[in-house]
Amino acid sequence: MPKYTGPKILTAMAVGAILSLGTLPGAAVAAGLPATVQSAASVTSASTLAPANTNSISVAAARSIDRNPNHLDVFVNKSYPLKPAKYAPKTKTVSGTGISLRTEATTAYNKMVKAAKKSGVRVKLISGYRSYNRQAQLFNQYTRLYGKKYAERISAKPGTSEHQTGLAADVGNYNGACALQSCFENTPVGKWMKKNAHKYGFILRYPKGQESITGYAYEPWHFRYVGTSLAKSYKNSGAKTFEHYHGVATTKKSSPKAGKGTAKTTANLNMRSGAGASNRVIFTIPQGKNVKLTGSKKADWYQVTYSSKTGWVSGTYLSNISMPKSETKKKETKKKESKKSSPKTNGSSKKTTANLNMRSGAGASNRVILTIPKGKTVKATGKTKSGWLQVTYKSKTGWVSGTYLSNTSAPKKSKPKTESSPKKKFKTKKTTANLNMRSGNSTKKKVFLTIPKGKTVEITGSKKSGWYPVKYKSKKGWVSATYLK
């Protein structure tokens, strides 16, 4: 179980899995799950686990807890650390992956993968054994970024991670669909693993809806090897979690339902300056907190107020959403605004202004299908989502960023006022969010300063590839047109 804060996407622990392989995807960083932290964010605060008592929730007949890390049924979580803390198992690299698991788990995993392949399902190993030192490195990284108190809420301290036993495996689809995301449960591999993993000795360790018991958010990709006998016994027992099975799950009072204009966070959730993962993180709202909805909504993002701060959060990590009564009118206003700013593109031709990646979905975290050369004409299907357009090019259909497209056949009724050069010598616009001024018209360019939301800037030239040259407080640079009005 990786320990990181994402995105549609990645959870906190999901990104940790990627880090354990020595990579740090830019998409995860952009998603802003604390320190790349998306997914996502999202390891929950662990509840205190203690031996069950008469007030504990119902469990299967309580089993004795095995603390010996050399045993397949060793029990480990935030309240039951490994002994010794720096335990290191004998591992074996899983063929073709560069990832290792404990020898018994590797053998069982290979057998399971072969069985899945016969069923037409290809299981991909994403993360396996992680040493005490590697876990310490990750935990220390969070401590430096957020402070020890917050780090302890989103990451496992070294010596308390199942990955250190060499018995935990994070799996995914070979095409990368829903990698380390909750939607993995509905993918071919996710469905097959849920139904068959126990036959090969693996159990789903962090089930849905059991965050307060396990201490971690739902992870449909995280499977723990316990041996076929125990895995089948666990499944047949009907226990909701491994904690229930061992009789150490305690009751936690549920929070009251949110009222009108409120919602509840289901993970540690980033509040941002605008509706989208590319916007600046203002604050991280802890999991399980109630937030107040202002009524503004854009795509799947909600504007909320929490602890005297107001910003935008992803609706993926909200529950009990109850919009204010005025939401209907606000939705109508939003629809009118979107019609003005995003005219219909069905059937229209557009030209790429740079070498442009076509992806399997609307977002930079999705798989690249092909790269469309600069200056090529593509046909828009009419579908748009958060600044991304679905297009067809050379018999391929996928999603591209609208930032790098220009019209060759403009849609009817369009009034491209923002596309033309400023008519006035000193035309001005206002920022709709805290906005970075850069040295050029690209997010890769250096940031000079951040212009606060609501400030007036002077347009000094023509719009280029979705960016404006502007002047603010004697400084000149480029800003994204998306956040100007």
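Derivation of every value follows stated rules applied to the coordinates shown; laboratory data play no part. Just so it is clear, the model here is predicted, and its values are computed rather than measured. Positions of Cβ are generated from backbone atoms using ideal geometry, with glycine treated the same way; all protein chains shown enter the neighbour counts.
Before moving on, here are some points about what is shown:
- For His198, His71, order by how many other beta-carbon atoms lie within 10 Å, fewest first: His71, His198
- Global form of the stretch 342-407, assessed from the alpha-carbon gyration tensor, a/c cut-off 1.5: rounded
- For Val94, distant residues with modelled amide H under 5 Å away: Ile99, Ser100, Leu101
- Viscosity 1.306 mPa s, temperature 10 °C, Stokes-Einstein D of the stretch 91-139 from Kirkwood C-alpha radius, µm²/s: 134
- Residues with amide H under 5 Å from that of Leu449, placed H, sequence gap 5 or more: Met437
- Residues Val94, Val281, sorted so that the one with the fewest Cβ neighbours within 10 Å comes first: Val281, Val94
- Look at Phe184, Phe448 and count the other Cβ atoms within 10 Å of each Cβ; fewest to most, that gives Phe448, Phe184.
- Shown is the FRET efficiency for Lys114 and Ser386, computed with R0 = 41 Å from the Cβ-Cβ distance and rounded to the nearest 0.05: 0.55.
- Once the chain from Thr305 to Thr93 is taken as fully extended at 0.36 nm per residue, the excess over their C-alpha distance is 71.5 nm.
- Per-residue Karplus couplings for the stretch 367-383, computed as 6.51 cos²θ - 1.76 cosθ + 1.60 with θ equal to phi - 60°, are listed in order as 5, 7, 7, 6, 10, 8, x, 4, x, 8, 9, 10, 10, 7, 7, x, 8 Hz, Gly and Pro entered as x.
- Net lengthening on full extension, Ile369/Thr103 (0.36 nm per residue, minus Cα-Cα): 92.1 nm
- The stretch 262-326 shape via C-alpha gyration tensor axes, a/c threshold 1.5: rounded
- Remark on Gly295: its backbone amide H falls under 5 Å from those of Gln303, a criterion applied only to residues 5 or more positions apart or on other chains, H modelled at 1.01 Å from N.
- Given their separation in residues at 0.36 nm each and the Cα-Cα distance between them, Ala85 and Lys473 gain 134.1 nm when the chain is fully extended.
- Using Cβ point charges alone (K and R +1, D and E -1), the dipole size of the stretch 342-407 about the Cα centre works out to roughly 120 debye.
- If you take all other residues with their beta carbon under 11 Å from the beta carbon of Gly159, and give Lys and Arg +1 and Asp and Glu -1, the sum is +4.
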